[in-house]
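Below is one structure; the comments refer to it alone.
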Amino acid sequence: MFRGKKYQDSAKLVEKSKLYDTNEAMELVTKTSKAKFDETVEAHVRLGVDSRHADQQVRGAIVLPHGTGKTAKVLVFAKGPKADEAQAAGADYVGEAELVQKIQGENWFDFDVVVATPDMMGVVGRLGKVLGPKGLMPSPKAGTVTMDVTKAVNEIKAGKVEYRLDKTNIIHCPIGKASFGAQKLQENFEALMGAIIKAKPAAAKGQYLRSVVVASTMGPGIKVNQAKLG
């Protein structure tokens, strides 16, 4: 695979086989971010679980101390006073069945997070096939199925991120922008890892954290020493 000169220069700064301490990894990820735009930094965490089993699922949400550097667009499914509450909290879109039709009919996805009150889940359930694969389906575990829509919207706007396993038992999650600098990225990373470690399923056997890699959008992967994370 062809890689550009900037990537090749960045890759020279990283020792492929080395497991870096968290602070070293964050210093390095900011140095290897050389694109003309402010790159997003992501953590990729491989877990020793089997996501095919319900009792080994790892999923949740956390408000990162310094946010993600991006203000998420929030869609709220609610009616009556709860719809007014969502609007007042700063939700970008609020509605009921008409939004379901817009998503189904127009393939409309101009939002990053979906929140729903429990009484709207019957309506939202119709979108399972389209929202599910995109990781947008509201869930009580992520705090996105709730009657407290004000809290949900405020937390998302403040930088709440959802983490969940993909089919290969890896969690991919943003921890901020390269412009944050190493210290803020480290604090966000440690908050995320703390949540993932806390969410370890009782059914998980053997080594839980298999590998942890951080990388900016266009930069090389940097391995973090998972043994020091907990």
Listing of helices (runs of 4 or more DSSP H) fully contained in the range 63-174 that carry 3 or more residues being free of Cβ contacts under 8 Å to residues at least 12 places away in the same chain: 81-89, 97-106
Enumeration of residues in the range 146-181 that are in contact with a helix residue (DSSP H, G or I) (Cβ under 7 Å, 6 or more places away or on another chain) and open to solvent by 40 Å² or more (accessible area, probe 1.4 Å): Met147, Thr150, Asn154
Extreme residue, nearest to Val161 (Cα to Cα), among residues of the range 182-207 that are outside any helix (DSSP H, G or I) and open to solvent by 20 Å² or more (accessible area, probe 1.4 Å): Ala199
Count of the range 8-46 residues which are at pLDDT 90 or above, in contact with a Ser or Thr (Cβ under 7 Å, 6 or more places away or on another chain) and closer than 22 Å to Met193 by Cβ: 5
Enumeration of residues in the range 39-62 that are in a loop (DSSP other than H, G, I, E, B) and crowded, with 16+ Cβ neighbours inside 10 Å: Glu39, Val49, Ser51, Gln57, Val58
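The values are calculated or read from the model by the stated rules, or taken from the named source; none is laboratory data. Worth saying up front: this structure is predicted, and the values here are computed from it rather than measured. A quick note on method: Cβ atoms are made from the backbone with ideal geometry, for glycine too, and the neighbour counts reach across all protein chains shown. Just so you know, the surface numbers come from the protein's heavy atoms only, side chains and all, with ligands and any DNA or RNA stripped out. Shrake-Rupley method; radii C 1.70, N 1.55, O 1.52, S 1.80 Å.
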